[in-house]
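K.L.:
Take a look at this one; I'll ask things after.
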Amino acid sequence: MKPFNVKVPNFEGPLDLLLFFIRRDELDIYDIPIAYITKEFLNYIHLMQMLDLELAGEFLVMATMLMQIKARMLLPKQPLEEGLEDELDPRAELTKRLLEYKRFKETASELQGMELEQRQRYYRELFKHDIRKRDPQEEENVLHDVTIYHLIKAFQKALTNIPKKVYHEVRRIPYTIEGQGARIMERFGSRKQYNFLEILTEAEERIQVVVTFIALLELIRSQRVRIEMQGDFNDILIHQAA
């Protein structure tokens with residue numbers, strides 16, 4: 001059976017993830033700080049493992065490659081002939097692959113934009129009562145300086161506060177995405193916003209956190225709520241869409 005590959009908007013593969021780190025931290029793609037980028041990459045893999053999500057094998061291959069490059073750069077440098085520095089730089093092959101992938105992705109993005117101009121787009125709505133015409137400007141404003149990486153970090157923080165329960169029998173999960181989505185919307189009441197972790201930390205078990213997190217992503221996708229980043233990962237605010 002073909003393994004299920006987890007894909008999120010910013011990280012569709014290991015090269016995509018590395019480019020995200022380079023853009024986010026304004027790193028020089030021609031002089032990659034390999035120790036730092038390796039640490040960030042391994043942290044991402046650890047997050048995925050905490051979420052019990054299966055990683056594509058290419059992520060593990062890239063992790064091995066990064067650690068090998070890091071080890072090679074720690075070795076004492078030998079005197080080099082003039083003009084051979086770039087050829088013997090352990091990062092050279094990685095930089096080449098990143099530049100090629102960056103060009104490929106930019107070209108693919110341009111082609112996708114041309115395709116979208118030629119056809120209409122239709123969206124499947126999770127919540128039956130939430131069928132409305134989408135405004136492209138609204139779609140751009142749903143996430144205010146917040147990436148999926150920020151959400152996962154906040155999600156990880158919530159999970160660490162939930163004690164693990166061991167079950168010895170098969171039981172029906174008492175939570176649904178639509179039900180948890182309704183709970184999220186009910187919390188607004190007279191309030192216009194509340195903290196992202198507020199809804200997650202009330203969960204009694206890890207599966208409830210997972211279902212609630214998925215429900216929040218669906219609410220964001222359907223433009224019923226929007227989120228805003230303020231400060232660090234503890235300040236992700238949920239706003240009810242106008």
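Computed from the coordinates by the stated procedures, all read-outs in this text should not be read as laboratory data. All figures in this text were calculated on a predicted structure; none of them were measured in a lab. For neighbour counting, all protein chains shown are included, and Cβ atoms are generated from backbone atoms with ideal geometry for every residue, glycine included.
K.L.:
Of the listed pairs Lys39/Lys157; Lys102/Lys157; Lys39/Lys70; Lys39/Lys153, which have alpha-carbon separations greater than 21 Å here?
P.N.:
Correct reply: Lys102/Lys157.
K.L.:
How much FRET efficiency would the formula 1/(1 + (r/R0)^6) give for Ile207 and Thr64, where r is the Cβ-Cβ distance and R0 is 30 Å, rounded to 0.05?
P.N.:
The calculated FRET efficiency here is 0.40.
K.L.:
Taking the Cβ of Arg23 as the center, what net charge do the other residues with Cβ under 13 Å away carry, scoring Lys and Arg +1 and Asp and Glu -1?
P.N.:
Taking every Cβ under 13 Å from that of Arg23, the sum is -3.
K.L.:
Here is a further query. Provide the packing ranking of 97-105, 62-70, i.e. peptides ordered by the mean count of other C-beta atoms within 10 Å per residue, highest first.
P.N.:
Those peptides, ordered most packed to least, come out 62-70, 97-105.
K.L.:
Along region 58-64, what does the Karplus equation 6.51 cos²θ - 1.76 cosθ + 1.60 (θ = phi - 60°) give for ³J(HN,Hα), rounded to whole Hz, x for Gly and Pro?
P.N.:
With the stated coefficients, region 58-64 comes to 5, 5, 5, 4, 5, 4, 5 Hz.
K.L.:
While we're on this one: With r defined as the distance between the Cβ atoms of Ala71 and Gln49 and R0 fixed at 35 Å, what FRET efficiency is calculated, to the nearest 0.05?
P.N.:
Efficiency, from the Cβ-Cβ distance: 0.95.
K.L.:
List the residues whose amide H sits under 5 Å from the amide H of Tyr194, counting only those 5 or more places along or on another chain, with H placed 1.01 Å from N in the peptide plane.
P.N.:
HN-HN under 5 Å from Tyr194: Ile238.
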